[in-house]
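Heads up, the thing below is written out as structure tokens.
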Amino acid sequence: ANDKIPGQIDFYLKKENFEKLKKAIDSKRQNDRTQSDIDQYYKSLKEYNDAVTRYNTVNNELNKKRSVAYDQWNKAVDDFMAKHV
């Protein structure tokens, strides 16, 4: 939890920030958008995309570990039941 969850939280923060900027830029007419607005939008988009990649990598790793733990649990239950039932 100490190693993986902060990265997962970072993803949600980047997502929230990107969505706010997207909403702000979409609310402006195209002629009213400044270069600073556009640069900020693309910077946020890149950060969000990078966070998505990291999130997916960590999530896949956690899913694999969860699957292994679940399989070990089921085997332990089967072994216990075979001995005691």
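The values are calculated or read from the model by the stated rules, or taken from the named source; none is laboratory data. On a predicted model such as this, the values are computed, not experimentally measured, just so you know. Glycine also receives a Cβ, built like all others from the backbone with ideal geometry; neighbour counts cover every protein chain displayed. Quick note on the areas: whole protein, heavy atoms, side chains included, nothing else; ligands and nucleic acids left out. Shrake-Rupley method; radii C 1.70, N 1.55, O 1.52, S 1.80 Å.
Set the Förster distance to 41 Å, then compute FRET efficiency between GLU19 and ALA76 from the Cβ-Cβ distance, nearest 0.05. My answer for the efficiency is 0.40. Take the Cα pairs of segment 2-85, get the Kirkwood Rh, then feed it into Stokes-Einstein at 20 °C and 1.002 mPa s and tell me D in µm²/s. Estimated via Stokes-Einstein, D reaches 134 µm²/s. Dipole magnitude for the chain: computed about the Cα centre from +1 point charges on Lys and Arg Cβ and -1 point charges on Asp and Glu Cβ, it is near 160 debye.
Per residue, the chain exposes an accessible area of 83 Å² to a 1.4 Å probe, with every protein chain left in place. The modelled label-to-label distance between SER67 and ARG54, using points 7 Å beyond Cα along the C-beta direction, is 2.5 nm. Taking every alpha-carbon pair under 8 Å whose residues sit at least 6 apart, the chain reaches a relative contact order of 37 percent.
Just checking the listed ones, TYR55, TYR42, TYR70: in the Gaussian network model of the chain with Cα springs under 10 Å, the one fluctuating most is TYR70. From helices alone, the chain scores -31500 deg cm²/dmol at 222 nm; the rule is -39500 (n - 2.57) for each run of n ≥ 4 DSSP H residues, then divide by the residue total. Positive end of the dipole of the chain (Cβ unit charges, origin at the Cα centre): among ILE25, ALA76, VAL58, the Cα lying farthest that way belongs to ILE25.
Surface composition of segment 6-84: carbon plus sulfur atoms hold 54% of the accessible area, using a 1.4 angstrom probe and ignoring ligands, DNA and RNA.
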